[in-house]
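Presented below is the structure to which this report refers.
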Amino acid sequence: MERKIIKTGDGSSTIHIPEWNEQYHSKHGALQEAMHVFIKMGLDFWVAENKKSEISILEIGFGTGLNALLTNLYSTNLKVQYTGVEAYPVKPEELAVLGYASVLPNFEKSERIFNEMHQINWEEFSEIESNFSLRKQEKTFQEIKDKEFYDLIYFDAFGARVQPELWTDVIFEKMFLALKTNGVLVTYAAKGSVRRAMQAVGFQVERLPGPPGKREMLRAVKN
């Protein structure tokens, strides 16, 4: 499908798919959405609740790498093991024009980390910094078989409107099994059907204020 680079409401970029009228990130602000949903409501929440120095993160939909980049920049006091699953990797020529480093603090560091994340080999952990290792896996979400491996999941798949099969109890059962006890899953989605699918597999789910342009989002905990 055709993909276009567009500017979002906060000046950061994302990839737009005209055929689906869908974006990789919110058109209201890619950076603001990632910071609110995944860093504030996900990473910061987990740290506050668990007070541990190490964390294992799974991202469902590695995409442009924005969430991984922000996690690296905002987890300086954590040792992070980060796995990003992506069935259709973003092309190098698309990555080259996203320009995330230009809207982030410490341009040189952000640019270096972003480039390295996309240059490392797939399917193996690589040390990006002394406290941050990244593994990119090229596979579908249905192929995930990890058991009690992750502390936190960033669920950033395309929306249920265009890919409803990714928002079912079948997928969320895989997420539930992949998390350790007290593990957390956060997503920008807030549909009732998504919340019910999470609850059906055992998650305790809460609605939270959403990022700019979206009233609510969901956070699920494996008790």
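The values are calculated or read from the model by the stated rules, or taken from the named source; none is laboratory data. It should be emphasised that the depicted structure is a prediction, and the values quoted were computed from it without experimental measurement. Backbone-built Cβ (ideal geometry, glycine too); neighbour counts: all protein chains shown. SASA here: full protein model, heavy atoms, side chains in, ligands and nucleic acids out. Shrake-Rupley method; radii C 1.70, N 1.55, O 1.52, S 1.80 Å.
Applying the criterion of at least 1 residues that are open to solvent by 80 Å² or more (accessible area, probe 1.4 Å) to the strands (runs of 3 or more DSSP E) found wholly in segment 179-223 leaves 179-187, 204-209.
In contact with a Gly (Cβ under 8 Å, 6 or more places away or on another chain) and open to solvent by 10 Å² or more (accessible area, probe 1.4 Å), is that true of Asp156? Criteria met by Asp156. Selection over segment 116-165 of residues that are without any contact (Cβ under 8 Å) to a residue 40 or more places away in the chain and either out of contact with any strand residue (DSSP E or B) (no Cβ under 7 Å at 6 or more places or on another chain) or assigned to a loop (DSSP other than H, G, I, E, B) (or both) gives a count of 16.
If only residues of segment 1-11 that are touching a His at 6+ places or on another chain (Cβ under 8 Å) and not charged (D, E, K, R) are counted, the one that is surrounded by the most Cβ atoms within 10 Å (Cβ to Cβ) is Thr8.
For segment 94-139, filtering for residues that are polar (S, T, N, Q), open to solvent by 40 Å² or more (accessible area, probe 1.4 Å) and either in contact with a Lys or Arg (Cβ under 6 Å, 6 or more places away or on another chain) or farther than 18 Å from His25 by Cα (or both) leaves 5. Name the single residue, out of those in segment 54-87 being under 15 Å from the mean Cα position of the chain (by Cα) and open to solvent by 50 Å² or more (accessible area, probe 1.4 Å), that is nearest to Ile15 (Cα to Cα). Ranking the candidates gives Tyr74 first. When Lys91 is tested against (1) open to solvent by 80 Å² or more (accessible area, probe 1.4 Å); (2) in contact with a His (Cβ under 8 Å, 6 or more places away or on another chain), exactly one condition is not met: (2).
Among the residues of segment 23-31, is any part of a helix (DSSP H, G or I) and open to solvent by 20 Å² or more (accessible area, probe 1.4 Å)? Within segment 23-31 (the criterion being part of a helix (DSSP H, G or I) and open to solvent by 20 Å² or more (accessible area, probe 1.4 Å)), the answer is yes, since at least one residue qualifies.
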